[in-house]
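Worksheet: one structure, shown below.
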Amino acid sequence: MRGLRVLLLLFLACGSAALCAQTAASGDATVVPIIDRAHAQDWSRDINDGWRVHEGDDPVWASPGFDDSGWTTVRLDNLGPSRPGWRWYRLHLKLHENHPDLSVLIEGGEGTYALYLNGVEQPGPQLCSSLSVNRPIERTAPVDVPGADLEIALRTHITTGYVSWGLPQFMTAALGTPDAIESQRAAMQSGRLYAAFPVIAINLLLMLAGIALFALHRSQPNQTEYLWLGLYIFLLGISALLWGCQLNGVLPLSVNALVSDPLIYAFIIAQIEFTYSFGGRRVSLPWRVYEWLLFVPVALSWLVWEGRLPGALYLAIEASIVLPVALLLPILLFLWYRRGNREAGWLIFPSLLPATIAALGDLGSISITLGWHRLDFLDDSIQIGAAQMQAADIGDLLFLLAIAVVMFFRFTRVSREQARAAAELEAAREIQQRLVPASLPALTGYTLEAAYLPAQEVGGDFYQVLSQSDGSALVVVGDVSGKGLKAAMTGALAIGALRTLAAENLGPAALLSRLNRQIRDTQDSGFITCLCTRIGPEGAVTVANAGHLSPYRRGEEIAVDSGLPLGIAAGIEYSETHFQLEPGDTLTLISDGVVEAMNAEGQLYGFERTRAISMQSAGSIASAAQDFGQEDDITVLTVARGAVVSA
């Protein structure tokens, strides 16, 4: 045993002596202690030590024979944060005379350096524009050089955009057999890309949720909170996805400064709009001013990229801008909750998550940039099982889950209300069909025509033609205030009372007074405009008006005293107007849906246009108003007295 120890010591001593001799023979070269080709298998070692650096740019510095003895010596993996400008790094290695096939591995800022081996530029790593530079990623190159001397040169150029991140330019360098170097590169790449998978998955989920909310808004266009929440989540997903991808070297650094960061302010605006829409309120003036101010920091991210604004200062500005949303919106929701909006309370916790975590992440980045170290953990990734996740992504995922619960209950409530409204609308339509007769009765000596064009929402227009025992007829046109089921039911009530009173052969004024009393006694709100016309067999016409539009004869509006609409006040007496319909004359009665038709420019159809077409058929008048721009129910009824036939 003692003999073995003596032999081992002699072997180590001889090896050390040979190594020293080789180092002395190679001058400033770094000796790489590798065995010959016959014995090399999956071998690699780092080559971070012994690099020489010099500022500036000169192609001669790539030459293997260049004397760099006056340059500063550094470790490539301990250069600290990168600094802008041109630099060259050189490393002279002395290999075994019979060295195996080798490859070199450089983990450096993508687009910030070019690699030269014995003066020959290698394909792969290359200098790029500032928009294309990326975080340090792994690159390999085969060492295809004769002999034992290997000169590795790195021509580097650091842009201000790269410097703004406080990144080192190089992480490590290694030399070894191709299989060993490829295994090392693959392991480094897998570790880098594996961390990107949770980021991509979570934020794609956010974007899909945003698209689903857009679709939900299309099915319920009146619920603008779906639109704003969809926009908020979609922009949040895009911003976080781009940020996470550049964080793991998948995308250039510029996408964060020029796209991801500006999107932060866009989704903050969407969050404010969503919060107010969810609460059923209009955005207040202070918040509206705040939204406009959010356009200012968009330009600041470009200034950071150009090196005109310190990155730490920008992060502090970003955190201070995001903080009001993180703190004040939950307080606002709490106040709404205290005032009776129970749903606002559901939104308090979800609204805290994204903005708060983003602000804390900014504080962590500031701590790292300024070397505080106490708050560095705020920007650290979190190990969950085998996955490395960023705090922002966890916050976004929790937000998505929380907001999904909130919107589920919201959607359920809104769907119930819409189903109830649809049922009421259908009932109102059924009632409205009874407000207008299916066909007009025959009236001796007269031709009657009616046109009724309902608007999309059920209104309360009605008309009736009721025969009287003396051969005359009551022609009544009315319009109930309001829309929907209540208006339709009020119209049905008015028609029922009208038919009962018509049996008493009352004059138009007396009929309206009695009808007003009944409407007043049975209705607690709303009113009805009504024009009641009695037409005799020989053309005598008596008209009483309760706040309705006057009729037209011979293309002119007839001056008729207008009383209050029905249902406003009790004890109203109405006056009557008498005139004669001559043979060939046409009496035209309309609802306000004709004169209040409005075109795209906001112009009303008006009384002049109505007067100009008042002698046309009922269908033509209604169609003209509808084509102009229907806003309300359109009702037109015409009574034309036939010409006298000579015996």
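Sorting MET207, MET489 by solvent-accessible area of protein heavy atoms yields MET489, MET207, largest first, with a 1.4 Å probe.
Quick one: if the Förster radius is 45 Å, what FRET efficiency do ALA187 and ILE331 give, using the C-beta to C-beta distance and rounding to 0.05? Calculated transfer efficiency: 0.40. Stretching the chain fully between VAL405 and ASP58 yields a gain of 118.7 nm (0.36 nm per residue, less the alpha carbon separation).
Cβ-Cβ distance of ARG308 and ALA419, R₀ of 35 Å, FRET efficiency by 1/(1 + (r/R0)^6): the value works out to about 0.05.
Cα centroids of region 516-551 and region 217-245: 53 Å apart. Extension gain, GLU631-LEU323: 0.36 nm per intervening residue step, less the Cα-Cα distance, totals 106.3 nm.
Once all protein chains are placed together, VAL259 keeps about 60 Å² accessible to a 1.4 angstrom probe. Since only ALA114, THR160, THR140 are under comparison, the one whose Cα sits farthest along the positive direction of the charge dipole of region 62-162, derived from C-beta charges on Lys, Arg, Asp and Glu, is THR160.
Report, in whole Å, the centroid distance computed from the Cα atoms of region 171-195 and region 116-142. First find each Cα centre; the distance between them is then 15 Å. Using a simple spin-label model with pseudo-atoms 7 Å out from Cα toward Cβ, ARG517 and ASP561 lie 1.9 nm apart. Between ASP49 and PHE295, full extension at 0.36 nm per residue minus the direct alpha carbon distance yields a gain of 83.8 nm.
Report the net charge of residues surrounding ASN203, where surrounding means a beta-carbon distance below 10 angstrom and charges are Lys +1, Arg +1, Asp -1, Glu -1. Its environment carries a net charge of -2.
The values are calculated or read from the model by the stated rules, or taken from the named source; none is laboratory data. Not measured: the values here are computed from a predicted model. We place every Cβ from the backbone using ideal geometry, glycine too, and count neighbours over all the protein chains shown. Surface areas here come from the heavy atoms of the whole protein model, side chains and all, with no ligands, DNA or RNA. Shrake-Rupley method; radii C 1.70, N 1.55, O 1.52, S 1.80 Å.
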